[in-house]
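Any read-out appearing in this document is the output of simple, stated calculations on the displayed coordinates, not a laboratory observation. Given the structure is predicted, the values throughout are model-derived calculations rather than measurements. Virtual Cβ from ideal backbone geometry, glycine too; neighbours counted across all protein chains shown.
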Amino acid sequence: MAGAERLAAGLAAISAADQRLSTRIAGGRVPRSADPTHLLGRANGLPTWFGTAALLATRGGRGRRVALHAGVAAGTASWLNRHALKPRFGRTRPDAARRTTPSFPSGHASTGSAFATTVALEWPAVAPVCAVLSAAISIGRVRDEQHHLLDVVAGTVFGVAVAVAIHPAVVAVDRRVRAGFSPAVPGSETGTLLPTSEAAE
């Protein structure tokens, strides 16, 4: 019982510290009207990153591949967060929040970090831009009093974990689809399937 009491006390202390830090960030010294993170925090999560993916897709074949993979990671993190994590934890949002859905973990943070992590894995030169945008949106969620600080920290960690976990499978499936397979080459004893381009030769 003593162990349970210590755990409860520890969680209460963490929650209190989270509240204090979140309030300090939300207050800030810069007026919200002049704070770009405040505006970014109000942006809708998935549409923002799908728009970013569209911009990446204009940069040729590599851009299109990265945009697709990052979009899949962002969508997966968003869905898992909304349907698996938020209902389980059920933490309430700050009093000034416009939504009444569960607060923990932040969907904006998990979506953005999943997207940025995938870009970092495949196109490191572009990753800093996505990472800064993701961080700014996450801080904006706290600044706009839509989330507690711990919500966006947990959401960021979750998004990174999802992106890293599914990345090999996403790349493998994409390569398989892109390659395409023809029927077995006539005369082949093993019936091995060959990519269409090889079979044509």
Once the Cβ-Cβ distance between T58 and V132 is put in as r, and R0 is 22 Å, what FRET efficiency do you end up with, to the nearest 0.05?
-> 0.65
What do you get when you divide the Cα radius of gyration of the stretch 34-176 by 2.2 N^0.38 Å, with N the number of residues?
-> 1.01
